[in-house]
Amino acid sequence: MRKKGSELQETPIPVGRAVQALLLVAILTAPAAALARPRAQQAEAPQADAENSTRQETRSLPDLLSDNLDRVAASDVQILAVVNKEPGLLLELKRVLAQDAAMAGQVLEESELVDSTIAERLRTELRARVLATRLLQRYGFLLPRVNPNANLGPEQKLALQERAQSGPLPEVAGSQPVLPAAKPRGTPFERTNQVPLNDQIYTDGMGSLPERQIEPAGDSNRPETVLAASRSGGSSLLSGREKLTGTTTEDLFKGAIAPGGDLQPMSSLEELSKTGRPAAAGSSSGRAASPVISIAPEPMRIVHRPNPYAEVPSLYDLYIQAAASNRPAERFGLDVFRRGEANPDYLPMDLPVGPNYVVGPGDGLSIDLWGGVSQRFFRTVDRQGRVTLPEAGPVLVSGKTLGEVQQDIQRVLRTQFRDISADVSLQRLRTVRVYVVGDVAAPGAYDISSLSTPLNALFAAGGVTPQGSLRRLQHYRGKQLVEEVDAYDLLLHGIRGDLERLENGDSLLVPPLGPVVKADGMVRRPAIYELRNEKTLEEALDLSGGILPAAALRRIEVQRLVAHEKRTMLSLEIGETSDAEAIREKLRSFTVQDGDEIHIFPIAPYNTAAVYLEGHVLRPGRYSYKPGMKFSDLVASYNDLLPEPSRRYAEIIRLHAPDYHPEVESFDLAAALENPEAGPKLEPLDTVRIFGRYDFEPEPEILVGGEVRAPGRYRTSGQQHLRDAIYQAGGVTPESWLDSAQLFRSHPDGTTRVFSVNLRAALEGDPLNNLLIQPRDRILVHRQPERVDPPSVYVRGDVARPGRYPLAANMRVADLVRSAGGVLRSANPEGGDLTHYAASGNAPGGAVPSGHQAVNLAAALEGNAEQDLPLHDGDVLTVPQLAGWTDIGAAVTLRGEVRRPGTYGVRPGERLSSLLKRAGGLLPTAYPRAAVFERIEVRELQQKSREELIRRIEQESTVVKTSINATGTEEAALQQAAILQRERALDALRRAPVTGRLVIHLRPDRKSFERSPDDIELRAGDSLMIPKQPGAVVVVGQVYNANALTYTPGRHAGWYLSRAGGPTQLANRGGIFIVRADGSVTSGQQGGLWSGGVLSSQIGPGDMIVVPEKAVLGGNTWKNIVAIAQIAQAGALAAAVAIP
């Protein structure tokens, strides 16, 4: 059902309780569901979904209910208030309206999308307001908020906290329809600039380039390593094939490293070198920042230089530099001791001990006896080194091994017991105190296990300092040197040797650092190494783990420090030999010294005997080159390509020596595959690039819009007909018009043709209507005309639900009244009125003359055929109200100085004098001159007038006009004063209460008051307050002492003004006015020439003298507005003073 005018009221027809409950749930949950949807996801969704989702959501509801929900929208004022503050929302609204027009087959002019036109459409078109409302709610505006003080407040707070902890929630039904598990064939898609996985690209600031692996060249298959450690028994050249494994872009998103992958991105290896794990999915590493390939620890950086040929993989591989690491070299082994033990305070007591363990004071012994006596007891060695045995006394055990202690105890006990055997085990280890001194991180005394060695003590002390030695750790017992420990045995080979255990009082001395060499470049462990007995370059490189397979051994550079003189560079020329023994002999012949820095360069990281294949192919990558190679050797048939390659164009990017500048040579792909012998010949470092068909043609897309279940853009799956496209979009909706549909086709010359088809016949497979679809076609399915603008009738007046209702074929007056919920008690059932409007001859039922017709509703509801008239499109049925119904229950409030104040019911036409008589008249203390009579209608008028006045003040410019002699400072001061005056006037108007006071002149004499013009007729809701005599006169405004002054009979306004200190310099002396106690106003403009002005007016009790503020140099309009605002404020104040 569509609405013809924006001012018509919508009310649904009466439905069952189930439908009413469904309507209530839909209305209450739709905004909440939109709120639950994450805003970032709402911002990324296509704006056309705002209309489609709601339409699909309401399709499952009854037709009438969905039509009514399609009319729910905010007002144009509410929408404009939001979009005017958010320019981005206004832009999105224009996009939504443009999409809606495109779906309807309309072509918009530029003038139809300007801001003023959008605002006009929001005021006049319901559909524009509906679309705008849904858009704003999708972005979180115009949504209900839960009252924090209500029961739902804490629940919502807990739900938001749980959502913040658990992450974003899935979409809630209401903001988007929940799609069924079985989707229609081919869902709408969004066109994005995605790069196929076989053409992975990232940029370096100068263009995009494909990802390639940089492998170390050379013979990497040989399993030997230069300078294998003699302790391991190896003597071969290259040990352990060092292979750079890579990852593709697809692997990065899967979070895995492809072993031995052909393509690897620089970012993943760089992240691997820094963190020890592959780069996270979605991480970006721009080529402009010179991405680096490295293996932790970083031996050598391979840096790609920026170049203008980033998309040419062969040139990209050539733009490579081998650069030294930027990380400062560290001492080998410091980090191992720096970590220390996991818990240095914990002393392990479950370590195994042998019979050679030397017992000392503090050890706990477990002694088991069997034979003649079976017993177990525990003894702790005392400070004298003894343990006490039963029946035998103390035995000295300190300084003896555990085996000797067992023999002694067994021998002593056999003197007291017959046939006894003893077994002694260590129950608890004692602790010994040792001293770690010298160049250690934390020198001092340490209590450690008695099984500890010097290395344990060094761990406990945090390791050595950068100036401490790891090769000559000295273990002293008293003044005697027990042993000298080399920590490199543990760090390099895991060998601790036969180290002496520490005893109580021992000390460990860490001497200063000895001679060192630095090894960097293509070695396995770049670091600074301390020398002990190593003299040759072979032995120094052995400390670093050997040379990597990618090292260039033709020349080794050594920077030498000549003590106290200079630094110099030395080169070891090895030559082109690959004989391991010859290389070893060269390295042995070179003697290293303290301070030497050894640097080994890498070999060239690219392969010149290779060709590259990329683009629309099955297996892109780098391939080996053979002399005389042709294109057919690389791509044998279409099986090596992806589907639908570009048959007419392919290219070879060739690098020409000696400067390797690139040139492009194109060829016909189809001809090269049909005649392999005539195909192009390949040369080293060629890049063969194959394109896809849709690299040069638009993608096969169609647009299906209108009354289909899932309108949008679709990719065609080969050749399709109109029927296939409709079902690809989910099929037609129940409201679609099957008699007509349009197909718009764009031609290469820029023209567009339209084909109108019978959709019903096309869906049945009629070849004349089931047209063949071409790419870029647009199909438009319309809504049924009777659903676009359905016939309807209106019921107004005293019915339960007045409004617009759909016209049924057999609908009569009684049916319409019952659909509207029946007549109310206030209705006049005999005075109905039916209005007909002239309709064309093709309307249902034929031509209908315009006019009015009286209807007896009571008779029509009882089934009287003469009164139960048939209805036609546009008829308006008016159900009038009973005369005087609004006066039923009318009451007025009487307060103050009357004998019986209270709330009294009044009859129609009753006057004020009658009410006073019923209340017993006035009390002697009453002051009727100051009576305040309030009426609801007057309050509403005053409220409207005040809002209009506030609007005028806000719109009035505060720019003041000054003289040409005024300085800039004076102009700024005047401008600031005008702004402050405007803000004061607005604030006073907003805070002043709206009383609804009606000025009356109430007299004490009831007889003279009756039938006088002041004896007004009472209405429902009136209120009369008769106060006591105030006994004061109020002076407010621009006076020096605004206050209430005691009333003195016979005094005029000037006298009271002088008592208040007189007007200030800001006072408008000519605008002084008096607000009388009865609410009337006396100003200086009233009175004749000889009246003497307002200051000579006599003042009564309860009067108020107002001295207004002078307007700041504004025009007459601004002065009048300020004066009106001050009068309105004073009137409200006077009413408030009169009513206690």
Pseudo-spin-label distance VAL358 to VAL562, built 7 Å along Cα→Cβ, given in nm, is 5.3
Of GLY750, GLN784, VAL708, whose Cα points farthest to the positive end of the dipole of the range 671-823 (charges on the beta-carbon: +1 Lys, Arg; -1 Asp, Glu; origin at the Cα centre)?
-> GLN784
So, in Å, what gap is there between the alpha-carbon centers of the range 867-913 and the range 484-504?
-> 110
Between GLU866 and GLN975, with labels modelled 7 Å along Cα→Cβ, what's the label distance in nm to one decimal, could you check?
-> 8.1
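Going down the table (LYS535/LYS586; LYS917/LYS1028; LYS94/LYS944; LYS1028/LYS1110), which pairs top 25 Å between alpha carbons?
On the way: LYS535/LYS586 14 Å; LYS917/LYS1028 19 Å; LYS94/LYS944 35 Å; LYS1028/LYS1110 35 Å.
Pairs exceeding 25 Å: LYS94/LYS944; LYS1028/LYS1110.
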Alpha-carbon centroids, the range 721-793 and the range 981-998: separation in whole Å = 62
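Given Cβ point charges of +1 (Lys, Arg) and -1 (Asp, Glu) and nothing else, what value in debye, to the nearest 20, does the dipole of the range 610-695 about its Cα centre take?
Numbers: 10 positive and 14 negative charges, 39 e Å.
Here the size comes out at about 180 debye.
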Taking 7 Å along the Cα-to-C-beta vector as the label spot, tell me the ASP640-ALA604 distance in nanometres, rounded to one decimal.
-> 2.5
Where a ≥ b ≥ c are root eigenvalues of the Cα gyration tensor, a/c under 1.5 meaning rounded, otherwise prolate if a/b exceeds b/c and oblate otherwise, the range 557-617 counts as oblate
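Work out the FRET efficiency for ARG745 and THR124 from their Cβ-Cβ distance, taking R0 = 35 Å, and round it to the nearest 0.05.
Working: r = 34 Å, r/R0 = 0.98.
Step by step, r from the Cβ atoms, then E = 0.55.
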Pulled fully out, how much extra length does the chain show between ARG760 and ILE950, if you take 0.36 nm times their separation in residues and subtract their Cα-Cα distance?
-> 62.3 nm
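Would you please classify the overall shape of the range 422-526 from the alpha carbon gyration tensor, given that a ≥ b ≥ c denote the square roots of the eigenvalues, rounded means a/c under 1.5, and beyond that prolate means a/b larger than b/c while oblate covers the rest? Kindly include the intermediate steps, with their values, before the conclusion.
Working: a/c = 2.45, a/b = 1.74, b/c = 1.41.
Prolate is the answer for the range 422-526, as a/c is 1.5 or above and a/b outweighs b/c.
State the extension gain, in nm to one decimal, for the chain segment bounded by GLN416 and ARG899, taking 0.36 nm per residue of separation less the distance between their alpha-carbons. Could you put the intermediate results ahead of the total?
Numbers: separation 483, 0.36 × 483 = 173.88 nm, distance 12.59 nm.
The span from GLN416 to ARG899 would gain 161.3 nm if fully extended.
Rounded to the nearest 20 Debye, what is the dipole magnitude of the range 512-666 about its Cα centre when Lys and Arg each give +1 and Asp and Glu each give -1 at the C-beta? Walk me through the numbers on the way to the answer.
Working: 20 positive and 24 negative charges, 39 e Å.
So the magnitude is around 180 debye.
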Stretch ARG1003-ARG796 to full length: gain in nm at 0.36 nm per residue minus the Cα-Cα span?
-> 69.9 nm
Could you go through the range 858-873 in sequence order and give the Karplus-derived ³J(HN,Hα) for each residue, using 6.51 cos²θ - 1.76 cosθ + 1.60 with θ = phi - 60°, rounded to whole Hz, and x for Gly and Pro?
-> 4, 5, 5, 5, 7, x, 6, 5, 6, 8, 7, 7, x, 9, 10, 4
HN-Hα couplings for the range 816-831 via Karplus (6.51, -1.76, 1.60; θ = phi - 60°), in whole Hz with x for Gly/Pro, come out as 5, 5, 5, 4, 7, x, x, 7, 8, 5, 7, 6, 9, x, 9, x
Shape category assigned to the range 364-428 from the gyration tensor of Cα positions, a/c cut at 1.5 = prolate
Environment charge at PRO1063 (Cβ cut-off 15 Å; Lys +1, Arg +1, Asp -1, Glu -1) | +2
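I need the peptides 365-375, 774-784 ranked by packing, meaning the mean over residues of other C-beta atoms within 10 angstrom, with the highest value on top. Walk me through the numbers before you get to the answer.
Numbers: 365-375: 15.1, 774-784: 18.7.
Packing proxy ranking, top to bottom: 774-784, 365-375.
All of the numbers you see were taken from the coordinates with simple rules; none came from a lab. A quick note: this is a predicted structure, and the numbers were derived from the prediction, not measured. FYI the Cβ positions are ideal-geometry reconstructions off the backbone, even for glycines, and counts take in every protein chain you see.
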